Amino acid sequence: MADSSVATSGPTRSTGRIALFKEFWQYFSTNRGAVVGLFFIAIVFVALFAHFIAPHSTTDQYRDALLVPPTWTAGGNPRFLLGTDAVGRHVLSRLIYGSRYSLFIGCVIVTVALVVGICLGLVAGAMRGWVDTIIMRVMDIILSFPSLLLALVLVAILGSSLTNAMIAIVQQLHYVRLTRAAVMSEMSRDYVTPARVAGVKGLRLMLVTVLPNCMAPLIVQAALSFSTAILDAAALGFLGVGAQPPTLEWSTMLAEAREFILRAWWVLTFPGVAILRTVLAINLFGDGLRYALDPKLERS
């Protein structure tokens, strides 16, 4: 009998997961903006396969083709679809390779902020008392400052570099409050009492029993924070205190192209459009996740 129960548990779990995914996709797909955002997030694959997609190297300089406009404009060259920059480098190839650093920045910032925020939120929500008070008051102080202003101050103290820019942006730990609120709500649920009676306590209770039920709002916040991280990193890079050349990132492309805004619009426009499209796609995707994962939203 034991063997048969074990044999049937696997297919049952698989069927349950498939059913959950179908339900998720049913709600997610009804949000057209989210589906469009998911389509544009294909930029991730562009970043992964940049070596195969980019038509030119990012360091190749064509001295006979300086500031060549895009192919479809007057004076364009079919070899350079989106034109070249001031030293003859292919703009499209640099955009493709630059997506790697831009997405990497967002991933690192969101991952670190999520891990730290969840840990602090779990501690505050579970222990309560003076520990909760100290953590929340510190978060109140940090979140009372404009995120970009505080990031500029931190970068000014730490120095201008990509690593310091990411450290400066991570300081906005919105996940602490979100995790704390979710933990406090879940701790009052009926399923927690049987777990405690069964001997589940402390860290295991928080990580295995409570935390999985708090992940839906955290996932949505992480998706939305990803776009904020990219924007803040782009702002710091444009001001010259973020990623520094020769690091190839969209914000450094913007910073290098500032002086050509009037006579070579494409050098500045296309990196800006890449940032705009990526942030918009992530926001639409995050809105779809919120709609699909939040059971409290009204379904029509």
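Quick notes
- Charge dipole (the chain, unit charges on Cβ, about Cα centre) - positive-most of 273, 231, 157: 231
- Cα-based Kirkwood hydrodynamic radius, the chain, one decimal, Å: 22.1 Å
- Structure-based [θ]222 nm, the chain - -39500 (n - 2.57) summed over DSSP H runs of at least 4, per residue, nearest 500: -22000 deg cm²/dmol
- Residue among 192, 102, 141 farthest towards the positive dipole end of the chain, charges placed on Cβ: 192
- Magnitude of the charge dipole, region 35-181, Cβ model with Lys/Arg +1 and Asp/Glu -1, debye to 20: 160 debye
- Loop-located trypsin sites (Lys or Arg not before Pro) in region 57-114 (DSSP state not H, G, I, E or B) with no more than 12 neighbouring Cβ atoms inside 10 Å: 63.
- Placing unit charges on the Cβ atoms only, positive for Lys and Arg and negative for Asp and Glu, gives the chain a dipole magnitude near 460 debye about its Cα centre.
- The dipole here belongs to region 160-251: it is taken about the Cα centre, uses +1 on the Cβ of Lys and Arg and -1 on the Cβ of Asp and Glu, and is about 480 debye.
- Nearest-ten-degree value, helix 174-186 long axis tilted from longest Cα axis of the chain: 20 degrees
- Our summary gives region 31-293 a relative contact order of 26 percent, counting only alpha carbon pairs under 8 angstrom and 6 or more residues apart.
- Put the Cα centre of region 158-190 next to the Cα centre of region 69-113 and the gap is 31 Å.
None of the figures in this text is laboratory data; all of them are computed from the coordinates on show. Note that this is a predicted model, so its numbers are computed, not measured. Note that each Cβ is placed from the backbone with ideal geometry, even for glycine, and that neighbours are counted across all protein chains shown.
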